[in-house]
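Take a look at the structure below.
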């Protein structure tokens with residue numbers, strides 16, 4: 001069981017003891033501290049919240065709402081929603097902040113509070129540090145009875161979100177409708193089971209939804225990786241569908257399945273969307289250090305510049321703003337379209353990708369074949385309290401002094417024919433070890449060698 005407090009909020013497993021798991025006390029304390037920080041900053045005391053379909057969602061939702069009301073905040077509750085929908089709703093509501101109740105790709109026993117600023121973006125590292133300090137040491141002042149907040153339910157924002165996507169100049173709903181795509185969707189028993197059909201209806205697609213009941217009893221591990229997606233891969237082939245669409249529980253990560261049941265590649269979601277956008281709008285791109293080199297290659301093909309950021313959506317967004325990127329995101333299937341909002345948005349990704357696919361006239365596997373071929377291996381090392389990660393990284397850095405390396409987020413070593421990146425996870429008590437090479441065997445060897453070096457340091 002676990003509880004992780006970070007600059008983006010609080011995440012943990014339901015049940016257990018306060019301070020070691022995500023208990024009601026921890027939820028109330030986190031919510032109150034965030035509200036107090038907003039008050040201290042002079043923010044508008046109106047806040048938008050929404051949640052995914054986790055089993056614990058209704059309970060966490062009520063704890064957050066009642067705490068906010070007790071702090072004197074007016075609450076706009078979107079109910080069952082998606083992360084990008086909440087992000088768009090915050091500025092639409094002219095709210096001071098937002099809270100998304102989701103643990104993203106984590107299993108069903110997890111939940112989290114993700115904190116947004118008035119722009120509907122994740123709070124900055126500086127603001128997150130101030131919030132954490134207040135959570136640890138600050139004074140919380142609840143509102144008197146005559147100043148309690150008000151509560152409003154509003155389920156209109158998914159439709160508003162979809163309409164904003166359809167209005168994007170590079171989304172051609174008419175063209176997509178003419179292609180009459182047949183699609184299989186994995187709703188992972190969460191918000192995607194509602195949001196994706198609503199979008200696909202507007203795009204004129206025929207679709208079949210797997211795991212369609214949003215009850216939080218995830219039919220498989222909710223991280224959209226190939227090893228978890230055998231059901232949709234088989235269904236795409238059996239139904240002779242054009243493609244499969246997979247999202248995580250809060251619909252900010254996006255993966256596709258080819259017509260032959262093979263994965264398009266989560267890393268290539270951003271590559272394909274960027275290829276399409278850059279073909280119509282020149283500019284720069286950004287992804288994080290753990291993302292495929294293929295985005296760099298595609299960006300350079302279109303005459304733009306590619307930039308890498310530290311892992312984490314807020315870091316990608318900051319870099320996108322600095323470099324005036326026209327598209328960016330993360331290799332985990334996170335698409336950030338700044339014309340819409342600065343947040344990962346699977347629904348926007350679907351609309352842009354299907355437009356791209358329709359314009360090319362290619363099959364999914366045909367489209368994938370047009371991109372540089374790299375292979376990635378994603379592994380991990382359990383992080384225990386006795387591991388001195390800074391010492392591990394320092395020792396490794398000394399071993400790779402002769403290579404091209406980067407230390408802005410853990411340690412990434414770039415070789416001529418591949419790279420390996422080792423960093424502490426923001427969401428789980430693990431060290432992530434990612435590598436990419438020109439073959440699967442080469443990528444695996446890079447990971448194996450790095451893990452062996454870590455083991456030697458720890459022994």
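Each value in this text was obtained by applying a stated rule to the coordinates, not by laboratory testing. Please read all numbers here as calculations on a predicted model, not as lab measurements. Quick reminder, even Gly has a Cβ in these numbers, built from the backbone with ideal geometry, and neighbours come from all protein chains shown.
Pull out a ≥ b ≥ c, the square roots of the eigenvalues of the alpha-carbon gyration tensor of the chain, then state rounded if a/c is under 1.5, prolate if not and a/b is larger than b/c, and oblate in the remaining case.
Oblate.
Quick one: divide the alpha-carbon radius of gyration of segment 161-368 by 2.2 N^0.38 Å and tell me what you get.
Working: Rg = 15.8 Å, N = 208, 2.2 N^0.38 = 16.7 Å.
The reported ratio for this selection is 0.94.
What are the extents of the Cα atoms of segment 316-397 along their three principal axes, in Å, largest first?
Taking max minus min along each principal axis of the Cα atoms, segment 316-397 gives 54, 30, 21 Å.
Tally the DSSP beta bridges in segment 161-368 and give the antiparallel ones as a percent, rounded to 5. Could the numbers behind the result be given before it?
Numbers: 9 of 25 bridges.
The antiparallel fraction comes to roughly 35 percent.
Provide the FRET efficiency to the nearest 0.05 for the residue 139-residue 391 pair, computing r from the beta carbons and using R0 = 60 Å.
Taking R0 as 60 Å, the efficiency between residue 139 and residue 391 is 0.95.
If each of residue 384 and residue 399 carries a label point 7 Å out from its Cα toward its Cβ, how far apart are those two points in nm?
1.9
Would you mind ranking 161, 168, 356 so that the residue whose beta carbon has the fewest other beta carbons within 10 Å leads the list? Show your work: numbers first, answer last.
Working: 161 28, 168 17, 356 22.
Ascending number of Cβ neighbours within 10 Å: 168, 356, 161.
First measure r as the distance between the Cβ atoms of residue 66 and residue 41, then evaluate 1/(1 + (r/R0)^6) with R0 = 25 Å and state the FRET efficiency to the nearest 0.05.
The value I calculate is 0.65.
Starting from 0.36 nm per residue, how many nanometres of slack lie between residue 154 and residue 208 once their C-alpha separation is accounted for?
Here the segment from residue 154 to residue 208 would lengthen by 16.7 nm.
Distance in nm between label sites at residue 178 and residue 452, each 7 Å beyond Cα in the beta-carbon direction?
Result: 5.6 nm between the two label points.
At a 10 Å Cβ-Cβ cut-off, how would you order 235, 152, fewest neighbours first? Could you put the intermediate results ahead of the total?
Working: 235 18, 152 11.
Lowest count first: 152, 235.
When 179, 293 are ordered from fewest to most other Cβ atoms inside 10 Å of their Cβ, what list results?
By the 10 Å Cβ count, ascending, the order reads 179, 293.
Can you compute the label reach from residue 430? Point 7 Å from Cα along the Cβ direction, backbone N cut-off under 11 Å, restricted to segment 107-138.
Zone members listed by number: 107.
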